[in-house]
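Below is one structure, written out as structure tokens; comments come after it.
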């Protein structure tokens, strides 16, 4: 018997002698009530203490077996006295009474033998820390060491993350496991859950007051952005209520919330200012001084918004900046000149300033720095010109030709002296020459082509390749207008070649830089008639790769009745023209109206204070002389004339040549609205321009050409003229000696009575139209004595009787003639935009128009006389 | 006004009308046609200077003849070529006019002298 068995033997013996309760010994005495069952009790657990790896003997389990019927013996498996290894072993015991035959009783116990060197680690179950960012440090306590049969050697290790614990998303629990080992190799672990919580709301501070700016009239303004700072989540954008603000001061409540739903709010007054972007930002003028840098003058129309206080003009290398401030000006300033463009392409931005130096809306514009040169090709043949002559052109183009291809504009001067005398006090003189030069001794060549270069420069800065041509060899000859047209076409032929094959005489490669399928032409005087002839010449004899899109004639002659079909066409008539005093350019315009479905627009501008010559910088003598046509005191002057033309020509070609896509002419070119204030500011004086305009596609309601006119219009519907003293159809001098238009019209006179002129429209569907219009002029009649401008009512009525009535002056100013000695009655267009009709009278059915009327019943205009024609519906 | 402007355009100061025989194949008949020359003469209107303008000058000789095809062979010379000197109305007034601008009318000679 080993020592352990000897030690534990008594415990085993005790198990043999234990009797069932109630029984007296184990000698076979009878059990009370005859109960002979066996009772067996096991302890739950037997602590074997610290045992080596090989195990230890455990002698007595302390099992008790009892029976009243006899002697019972508990037998365990493993048996008492077995060797138990470290760990927990389940022992099953059974007690059986061999004599009674009763069923055996069983029980179980667990022998716990702790390994030598064993210990346990007791961790904190959970640690919570407040989030401090994406990773939060946490101080996780080390576990308690419970020494059982030993203790750990060395330190307790853990897998706690070094950088900290992640922020909640939405929760954050990280299990940190601790471990240690004893000298016997026994290892123990435990774990602590580290929870990162976010219970702190973001910090949010509202400033004392905030300002926001509305940059356009239809823009919704959101309150300025505000952010809170959350200890856990960092910057948190705050929502604002209300989310959209009107002009004025409103209280806005900001709320910043974090991902855990903690929120903070604050409130502050927010003031919304209206400071809209300027409109009509344009290159008003550009110039390239010899050897100098490109100078550009910008002009714009005033910004809307009641809180605008001024502008800041900036420039930058790209449409998004970065921006360099050039100047800060007040609201009255509408022009800025940049004396030297540094870059090939410069962007300008005009920022409207609101009170307090707050930036409002902004408009941007691109301008090109210029380069240029002159080509001078001698002994060239031009069709219809009987002598070899010179192709001479002064070109201006963007330095950044790689930004092309750019449209091409050619300009041609008119008939003028080609020899310049030694003294500039004398006018240029006419000589007969077959080339560009003056060959008279003591004279120099008149730089006629150079006289229009200022226009070429202004156009080039807007993205055009332009060249002003010399017609010196064709000057000082009778007529030679057709030859001038052929000269222009020959230049176009050369440009088309340079644009495709390169090799221009300008010293730059134009291949791919010029788009000769987008050509504009400008002509002055006989040059104006010549460029109006070019479209028909090209239609008859096309030049490959050349398409003329737009033509502008300045004070043209009308020797040959050109009809500029298939091109956008505009003509300028100067009211103080002492040369082409008949203003015969209006005949070109009137003839160009022949096809209302041509798809090309026509515009005519009557400039009362302009003379003939001063549109050229080299035609230095006033053709109005000492007052041939108008008093010299009313003349606008060369600077104003040239500036007006720069700006107007720029706008014309922007709308008809430069801008692609659905470009539309500016309103003032369509007789809709006054001259843009920016242009007036650039010119330096208020321009009294009177426009005629015919849309590219239109329905002619009445031009009084019907045989039954004025009783019937061109829709085949009746007109009515009641209350007028005169209502008759006439044309040219048949109307009166001051009416030069070769166009049928109705002459209306009224005296102390309300006249009503009605055009029946018969349910005309104008819903797809842009405007109704008519042309009118105030007559040189005693009935208009003392009048400054005409006034009457314009009325539109649908078939259901709904109508709109407006004053003429709300649509256009129709001045009574102009200051001149022999005034000419030049028609101008009055336009009723249908968008305005819809806004003013939504109930009026534009799909079923009944009548258009004018009524002369306005107080102060009880008598008067006008000539009226070209009642039209503009479709596009 | 800019300093480029020099004031009102001056009306040419007519000095004289010179009618001289010329060797020409054709000339104007004064009725709008170019015809073969019979006894061609140049009609030179001599002035201090001839500036150019949009309208063309026309030489009105007498009541019926108008010459329109002109040249400027030298400073101050405005030249027309008549096909037949014998068809010119000697003694009739001669004036210049630009287009239909009656205000531009300039007297050239009160009485035309035709060389024999």
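Can you tell me which of A:691, A:626 is without any contact (Cβ under 8 Å) to a residue 12 or more places away in the chain, closer than 25 Å to residue A:820 by Cβ and touching a strand residue (DSSP E or B) at 6+ places or on another chain (Cβ under 7 Å)?
On the way: A:691 fails: without any contact (Cβ under 8 Å) to a residue 12 or more places away in the chain.
A:626 is the lone residue from the list that is without any contact (Cβ under 8 Å) to a residue 12 or more places away in the chain, closer than 25 Å to residue A:820 by Cβ and touching a strand residue (DSSP E or B) at 6+ places or on another chain (Cβ under 7 Å).
Test of understanding: among A:386, A:444, which residue is within 14 Å of chain B (Cβ to nearest Cβ), closer than 29 Å to residue A:643 by Cβ and surrounded by fewer than 21 Cβ atoms within 10 Å (Cβ to Cβ)? Write out each step before concluding.
Values: A:386 fails: closer than 29 Å to residue A:643 by Cβ.
Result of the check over A:386, A:444: A:444.
What strands (runs of 3 or more DSSP E) lie completely within the stretch A:277-322 and have 2 or more residues being closer than 20 Å to residue A:371 by Cα, more than 23 Å from the chain's Cα centre (by Cα) and at pLDDT 95 or above? Don't jump to the end; show me each part of the working.
Values: elements: A:279-287, A:295-301, A:308-316.
Answer list for the stretch A:277-322: A:279-287, A:295-301.
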Please verify whether the stretch A:594-611 includes one or more residues that are buried (at least 24 other Cβ atoms within 10 Å of the Cβ), within 30 Å of residue A:872 (Cβ to Cβ), touching a residue at least 12 places away in the same chain (Cβ under 8 Å) and within 14 Å of chain B (Cβ to nearest Cβ).
yes
Single condition residue B:73 does not satisfy, out of (1) touching a strand residue (DSSP E or B) at 6+ places or on another chain (Cβ under 7 Å); (2) surrounded by fewer than 18 Cβ atoms within 10 Å (Cβ to Cβ); (3) more than 9 Å from chain A (Cβ to nearest Cβ):
(3)
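Condition test on residue A:572, is it in contact (Cβ under 8 Å) with a residue 24 or more places away in the chain, closer than 25 Å to residue A:644 by Cα, part of a strand (DSSP E or B) and within 14 Å of chain B (Cβ to nearest Cβ)? Walk me through it before giving the result.
Working: in contact (Cβ under 8 Å) with a residue 24 or more places away in the chain: yes; closer than 25 Å to residue A:644 by Cα: yes; part of a strand (DSSP E or B): yes; within 14 Å of chain B (Cβ to nearest Cβ): yes.
Yes.
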Give A:640, A:647 a once-over and let me know the one that is in a helix (DSSP H, G or I), surrounded by fewer than 24 Cβ atoms within 10 Å (Cβ to Cβ) and within 43 Å of the chain's Cα centre (by Cα).
A:640
Tell me, which residue of the stretch B:76-109 that is in contact with a strand residue (DSSP E or B) (Cβ under 8 Å, 6 or more places away or on another chain) and in a loop (DSSP other than H, G, I, E, B) is nearest to residue B:45 (Cα to Cα)?
B:76
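Among the strands (runs of 3 or more DSSP E) confined wholly to the stretch A:214-256, which include 3 or more residues that are more than 16 Å from residue A:200 (Cβ to Cβ)? Don't jump to the end; show me each part of the working.
Details: elements: A:227-230, A:234-237, A:239-241.
Those strands (runs of 3 or more DSSP E) span A:239-241.
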Does residue A:325 count as touching a strand residue (DSSP E or B) at 6+ places or on another chain (Cβ under 9 Å) and surrounded by fewer than 19 Cβ atoms within 10 Å (Cβ to Cβ)?
yes
Which of (1) part of a helix (DSSP H, G or I); (2) buried (at least 20 other Cβ atoms within 10 Å of the Cβ); (3) in contact (Cβ under 8 Å) with a residue 24 or more places away in the chain is the odd one out, the single condition residue A:521 does not satisfy?
(1)
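Could you tell me whether the stretch A:673-688 includes any residue that is farther than 30 Å from residue A:282 by Cβ and part of a loop (DSSP other than H, G, I, E, B)?
no
Using the structure shown, decide if residue B:88 is surrounded by 15 or more Cβ atoms within 10 Å (Cβ to Cβ), touching a residue at least 60 places away in the same chain (Cβ under 8 Å) and under 20 Å from residue A:580 (Cα atoms).
So residue B:88 does not fit the description; no.
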Being more than 14 Å from residue A:475 (Cα to Cα) and buried (at least 21 other Cβ atoms within 10 Å of the Cβ) is the filter; apply it to the stretch B:48-64 and report the residue that is farthest from the other protein chains (Cβ to nearest Cβ).
B:61
Closer than 22 Å to residue A:522 by Cα, within 14 Å of another protein chain (Cβ to nearest Cβ), crowded, with 24+ Cβ neighbours inside 10 Å and out of contact with any helix residue (DSSP H, G or I) (no Cβ under 7 Å at 6 or more places or on another chain) - does that describe any residue in the stretch A:410-430?
yes
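The values are calculated or read from the model by the stated rules, or taken from the named source; none is laboratory data. All of these numbers come straight from a predicted model, not from anything done at the bench. Cβ sites come from the backbone with ideal geometry, for glycine too, and all protein chains shown count toward neighbours.
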